[in-house]
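To keep things clear, I will list the structure first and then write my remarks on it.
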Amino acid sequence: MALLEIRDLDKHFGGLAAVSEFDLDVAEGEICGLIGPNGAGKSTVLNMIGGTLLPNQGKITFQSKDITNIPAYRRASRGIARVFQRNALFKSMTVVENVLAASYLHSSKKFTEIFFKTPSDLKREKGLYDRAMELLKFVGLEEQSNEMATSLPHGNQRELCVAVALASEPKLLLLDEPLTGMNAEEIAAMSAIVKALRDTRGITSIVVEHNIRAVLGLCGHTVVLNYGKKMMEGTAKECVDDPAVIEAYLGAEIDVI
């Protein structure tokens, strides 16, 4: 059984059908690409999986449980994390403090423990700090841990957003245009991080991305959306090579090989 199953998903905004009759199965441990032209409904699908939007119709099943109508915070506690198009970071916090803030999702800290710390509280906080530093090392930001998050270059901020998402201990990571605004070196680094999440941590990812060269190197299972409907599904290369996809999205003169 798939880790994530979506059936007949619809989302309407007034008279506009943003997503219609959308089906998707995502197996555990895969990197699934979701591509299509601007306005195709990709981010809307990601929003419905993450819970920031609820569908008008359809069903979303995660780990064999129906999550269609539960709020985003409950989905996060069940193992779904999101990296948004824009860098969602606490501007007044350091790099490591941003990761620590997300770490408390799975903490059992009570209100009184914020002010009265027992030895066990201090030990737990040390464990959270060590875990945050381990995540920063994983994404290559260990040396910048005490810098202000917003002082980092754009590519490093995107990597920090991944570390923040990982602090919630996800089983499924939703990445909305993770490579936007990056240079070639930064794209290679982020792509390596996403692959390592799968290979070393078993984390499943869904990637919405316009960089088709990166999708070819990163994603296996790929779905093409157009006008809110699934246009094609297959490997990344099958989708990119399809003449209908080229006409609808890529443009016949774009070389992606």
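Overview of values
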item	result
Pair list, Cβ under 6 Å, 6 or more apart: region 127-142 residue more than 13 Å from residue 98 (Cβ to Cβ), other residue of a type outside the set (D, E, K, R) and at pLDDT 95 or above	142/136
Number of the exception - residue 229 against (1) over 26 Å from residue 67 (Cβ atoms); (2) over 17 Å from the mean Cα position of the chain (by Cα)	(1)
Failed item, numbered, when residue 68 is tested on (1) surrounded by 15 or more Cβ atoms within 10 Å (Cβ to Cβ); (2) closer than 24 Å to residue 196 by Cα; (3) out of contact with any helix residue (DSSP H, G or I) (no Cβ under 7 Å at 6 or more places or on another chain); (4) at pLDDT 95 or above	(2)
Verdict on residue 10 being crowded, with 16+ Cβ neighbours inside 10 Å, in contact (Cβ under 8 Å) with a residue 24 or more places away in the chain and charged (D, E, K, R)	yes
Candidates 212, 206 - the one that is of a type in the set (A, V, I, L, M) and modelled with pLDDT under 95	212
Filter pass, residue 244 being among the hydrophobic types (A, V, I, L, M, F, W, C), over 25 Å from residue 16 (Cα atoms) and in the same structural domain as residue 11 (by TED's automatic domain parsing)	no
Answer from 60, 80, 70, 49 - the residue that is among the hydrophobic types (A, V, I, L, M, F, W, C) and more than 16 Å from residue 173 (Cα to Cα)	70
Filtered residue count, region 33-65, keeping only those that are surrounded by fewer than 17 Cβ atoms within 10 Å (Cβ to Cβ) and touching an Asp or Glu at 6+ places or on another chain (Cβ under 8 Å)	3
Residue list for region 144-178, restricted to those being charged (D, E, K, R) and not in a helix (DSSP H, G or I)	147, 169, 171, 176, 177
Filter result (in a helix (DSSP H, G or I), within 20 Å of residue 192 (Cβ to Cβ) and not aliphatic (A, V, I, L, M)) within region 124-143	134, 137, 138, 142, 143
Any hit, region 186-202, residues being outside any helix (DSSP H, G or I) and of a type outside the set (Gly, Ala, Ser)	no
Region 71-89 - residue that is without any contact (Cβ under 8 Å) to a residue 40 or more places away in the chain and within 16 Å of residue 43 (Cα to Cα) and, of those, surrounded by the fewest Cβ atoms within 10 Å (Cβ to Cβ)	86
Residue among 200, 150 that alone is in contact with a Lys or Arg (Cβ under 9 Å, 6 or more places away or on another chain) and of a type in the set (S, T, N, Q)	150
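The values are calculated or read from the model by the stated rules, or taken from the named source; none is laboratory data. None of the values given here were measured: they were computed from a predicted structure. Positions of Cβ are backbone-derived with ideal geometry, glycine not excepted, and every protein chain shown enters the neighbour counts.
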